[in-house]
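Asker: Could you have a look at this structure, given as structure tokens, before my questions?
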Amino acid sequence: MSVLNVNIEQAGYSEEHRIIRDIVFQVRKGELIGLIGPNGAGKSTTIKSILGTIDYLEGSVCFENNQMKYAYIPEQPVFYEELTLWEHIQFVASVREWSENEMTQRVLPLLKTFRLEERVHELPVTFSKGMQQKLMIVLAMLNDPSLYIIDEPFVGLDPKAINDFLRLLNEKRQEGAAVLMTTHMLDTAERICDRIILLMDGEILTQGKIDDIHQKAGMDQGSLFDSFEVLMERST
């Protein structure tokens with residue numbers, strides 16, 4: 001069953017400044033979809049179109065239902081400057097109407113996993129990029145959504161944090177959550193993604209399972225990076 005259906009005829013910052021066109025794909029329960037492509041390919045515009053923050057869009061973006069929860073983890077973490085880490089968590093809990101006890105039970109394992117439990121009374125704006133990214137992951141997973149929309153999540157994360165993050169994502173997927181992720185880390189994408197969507201010049205160059213991508217590139221062996229290069233060269 002699809003949790004997200006994307007059928008974008010064209011989108012951009014105005015009708016005269018269209019960035020993407022003919023972007024059609026689905027994200028199904030339990031899937032991890034990798035949205036990849038070079039800089040300027042249209043990945044960010046696609047994400048903004050899905051989130052409803054783009055100025056101009058023709059087409060449709062349909063979630064499973066109007067009550068479906070999704071979480072967005074941006075490439076650049078965003079925080080309230082005057083709130084501590086714990087106050088950010090309390091804000092999420094208040095929106096969800098959790099008791100203090102329920103909030104604590106939910107968040108403490110996540111804080112321990114990402115080694116943030118000693119920093120709860122500090123301001124996230126003073127954290128390193130990696131620590132800020134960890135907090136964005138904690139806040140997203142605290143919401144327990146049906147869909148995670150994640151933009152370049154590995155930037156600034158240390159190897160242990162990356163492994164912990166992927167392990168938690170896999171657990172959420174086993175529970176039925178879906179993931180749409182942009183990344184430049186093609187070796188990681190090849191290892192974790194169920195399907196790949198390759199964007200080029202604002203259009204889908206190809207999409208499918210990893211084996212499908214290799215087949216379309218005419219490569220029996222080689223990495224996703226190799227197939228990526230072949231398909232990109234053919235398109236130019």
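Every number here is computed from the coordinates shown, using simple stated rules; none is lab data. Keep in mind that what you see is a predicted model, and the values were worked out from it rather than measured. In this analysis, Cβ positions are derived from the backbone assuming ideal geometry, glycine residues included, and neighbour counts consider all displayed protein chains.
Asker: Could you list Thr113, Thr46, Thr84 in order of exposure, starting from the residue whose Cβ has the fewest other Cβ atoms within 10 Å?
Answerer: Thr84, Thr113, Thr46
Asker: What is the local net charge at Leu157, summed over the other residues whose Cβ is closer than 11 Å to its Cβ (Lys, Arg +1; Asp, Glu -1)?
Answerer: 0
Asker: Over the chain, what number does the Rg to Rh ratio reach, with both radii from the alpha-carbon atoms and Rh per Kirkwood?
Answerer: Using Cα coordinates only, the ratio equals 0.98.
Asker: Provide the gained length on full extension for the span Gln105 to Asn65, in nm with one decimal, where the gain is 0.36 nm per separating residue minus the Cα-Cα distance. Mind dumping the intermediate values first?
Answerer: Numbers: separation 40, 0.36 × 40 = 14.40 nm, distance 2.85 nm.
Gain on extension, Gln105 to Asn65, equals 11.6 nm.
Asker: How do Arg96, Arg195 line up, fewest other C-beta atoms within 10 Å first?
Answerer: Arg96, Arg195
Asker: Quickly rank 150-156, 208-214 as a protection proxy: mean count of other C-beta atoms within 10 Å, highest first.
Answerer: Those peptides, ordered most packed to least, come out 150-156, 208-214.
Asker: Using R₀ = 35 Å, calculate the FRET efficiency as 1/(1 + (r/R₀)^6) where r is the Cβ-Cβ separation of Glu16 and His184; round to 0.05.
Answerer: Computed FRET efficiency for Glu16 and His184 comes out at 0.75.
Asker: Counting only the backbone N, which residues of segment 23-37 are under 16 Å from the spot 7 Å out from the Cα of Asn7 toward its beta-carbon?
Answerer: The answer is 23-27.
Asker: Turning to a different aspect of this structure: Could you derive backbone 3J(HN,Hα) for segment 133-139 from the dihedral phi with the Karplus parameters 6.51, -1.76 and 1.60 (θ = phi - 60°), listing whole Hz in sequence and x where the residue is Gly or Pro?
Answerer: 5, 4, 5, 4, 5, 4, 5
Asker: Given points 7 Å out from each Cα along the Cα-Cβ axis, report the Asp226 to Leu83 separation in nanometres with one decimal.
Answerer: The modelled label-to-label distance comes out at 4.8 nm.
Asker: Hey, another quick one. Which whole-number percentage describes the relative contact order of the chain, with Cα contacts under 8 Å and a sequence gap of 6 or more?
Answerer: Working: 398 pairs, mean separation 65.1, N = 236.
Value for the chain: 28 percent.
Asker: A follow-up question, please. Which of the aspartates and glutamates could a cross-linker bridge to Lys29, judged by Cα under 20 Å and excluding same-chain residues fewer than eight apart?
Answerer: Within the straight-line limit of under 20 Å, Lys29 reaches these aspartates and glutamates: Glu64, Asp144, Asp151, Glu171, Glu175, Glu190, Asp194.
Asker: Related question: For the pair Asp201 and Ser128, how long in nm is the line joining their label points, each one 7 Å along Cα→Cβ?
Answerer: About 4.1 nm separates the two model spin labels.
Asker: Please give the charge dipole size of segment 75-144, origin at the Cα centre, charges +1 on K and R Cβ atoms and -1 on D and E Cβ atoms. Round to the nearest 20 debye.
Answerer: 320
Asker: If you don't mind, another one. Which one, Phe25, Phe91, Phe63, has the greatest fluctuation when you compute a Gaussian network model over the chain with C-alpha springs under 10 angstrom?
Answerer: Looking only at Phe25, Phe91, Phe63, the largest GNM fluctuation is found for Phe91.
Asker: Okay, moving on. Determine the equivalent ellipsoid of segment 75-144 by diagonalising the alpha-carbon gyration tensor, then write out the semi-axes as square roots of 5 times the eigenvalues, largest first, rounded to whole Å.
Answerer: 18, 13, 11
Asker: What residues qualify as long-range amide H neighbours of Ile19, i.e. H under 5 Å apart, gap of 5 or more or another chain, H built at 1.01 Å from N?
Answerer: Ala11, Gly12, Tyr13
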